[in-house]
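Quick notes on the structure that follows.
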Amino acid sequence: MWDQRDAGKTFVRNGPLQDMSLARVARDGTELAEYLRRHLHKPRIVLLGHSWGTMVGLRMAHDRPDLFSAYVGTGQVVSIAEKEPVNYARTMAKLKAARDEEGVHALQAIGPPPYKSADDIMVERDWSSRYDIPSERNIYRSMTPVVLFAPGWSLWDIYEYLQASKYAEASTFDADQSYDARDLGIEFRVPFFIFNGVDDAITPVDSAKRYFDSIQAPEKHFVALEGAGHSAVLTEPDVFLKELVTLVRPVAIQADAEGG
């Protein structure tokens, strides 16, 4: 398990680091990929990114295609500036339909995007999650036992871990607001996959599909996961694994056979 800078035990052991930029984290990921190739004795490895991890993963796959047999994005981020107004409007519509005056007032108080701070985003996410599909609403509750009983983690480690997420959100807020995956261009020299939940309330599936359709890659597949949301990789692990085995594994096997 690799904890990226300013996250998990990396944060617990080192505290805040100076450079939390997307480019720096992507370089960290590339260094990890190079290590894993040596450690696993594989010419290339599969790169899977979830949510913010798709922002990191796309950069890695674009800059170092020689390291990877495939890129897999889930909860694919395309454009922060484009998706946040959509998320805000859809959440507001749900709140009004439910006649949830408290929620409506909360969203009106922060106003529509662009948001002024990471705290404003969390207000929208909080109210959105209350009207999300059941698997997404209950994700933190279902993951709590996993965290509490994780091997090698003390209660103090968990407390520090929670502080890390707050720091990372605040430190990357300004840079993330200008993020657009299309800035990398549309050509990728690795097989390209996106598995997105149809009911994703954070990274809309229609946006991910439009982006996918524009991509030029040696091979590509888009999978719309019915009944799944933003964290399908966690909430629908059996379905997700089946798609990985069916679509991505053959590509990885072929890369091994060709020696990279």
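Of note:
- Of all residues in the range 160-191, those that are modelled with pLDDT of 95 or more, in contact with a helix residue (DSSP H, G or I) (Cβ under 9 Å, 6 or more places away or on another chain) and not small (Gly, Ala, Ser) total 9.
- Qualifying position, being of a type outside the set (A, V, I, L, M), part of a loop (DSSP other than H, G, I, E, B) and more than 26 Å from residue 143 (Cβ to Cβ), among 218, 250: 218
- Residue within the range 11-23 that is part of a helix (DSSP H, G or I) and under 22 Å from residue 78 (Cβ atoms) present: yes
- Test set (1) under 19 Å from residue 132 (Cα atoms); (2) modelled with pLDDT under 95 - residue 231 fails condition number: (2)
- Residue 240 vs. criteria hydrophobic (A, V, I, L, M, F, W, C) and not in a helix (DSSP H, G or I): no
- Selection within the range 73-109 - crowded, with 17+ Cβ neighbours inside 10 Å, among the hydrophobic types (A, V, I, L, M, F, W, C) and closer than 30 Å to residue 184 by Cβ: 77, 78, 80
- Qualifying residue in the range 235-249 (condition: at positive phi and out of contact with any His (no Cβ under 7 Å at 6 or more places or on another chain)): no
- Output for the range 85-99, where each listed residue is more than 18 Å from residue 178 (Cα to Cα) and touching a residue at least 24 places away in the same chain (Cβ under 8 Å): 90, 91, 94, 95, 98
- Taking the criterion of being within 13 Å of residue 199 (Cα to Cα), among the charged types (D, E, K, R) and surrounded by fewer than 19 Cβ atoms within 10 Å (Cβ to Cβ), the only residue of the range 223-259 that qualifies is 226.
- If you check 206, 213, 180 for being touching a residue at least 60 places away in the same chain (Cβ under 8 Å) and exposed (fewer than 15 other Cβ atoms within 10 Å of the Cβ), only one passes: 180.
- Residue within the range 29-36 that is at pLDDT 95 or above, over 30 Å from residue 130 (Cα atoms) and either polar (S, T, N, Q) or not in a helix (DSSP H, G or I) (or both) present: yes
- Only one of 59, 64, 44 that is more than 24 Å from residue 257 (Cα to Cα) and of a type in the set (Lys, Arg): 59
- Residue 23 vs. criteria without any contact (Cβ under 8 Å) to a residue 40 or more places away in the chain and more than 20 Å from residue 177 (Cβ to Cβ): no
The values are calculated or read from the model by the stated rules, or taken from the named source; none is laboratory data. Computed from a predicted model, the values in this text were never measured in an experiment. Note: ideal-geometry Cβ built from the backbone for every residue, glycine included; neighbour counts use all protein chains shown.
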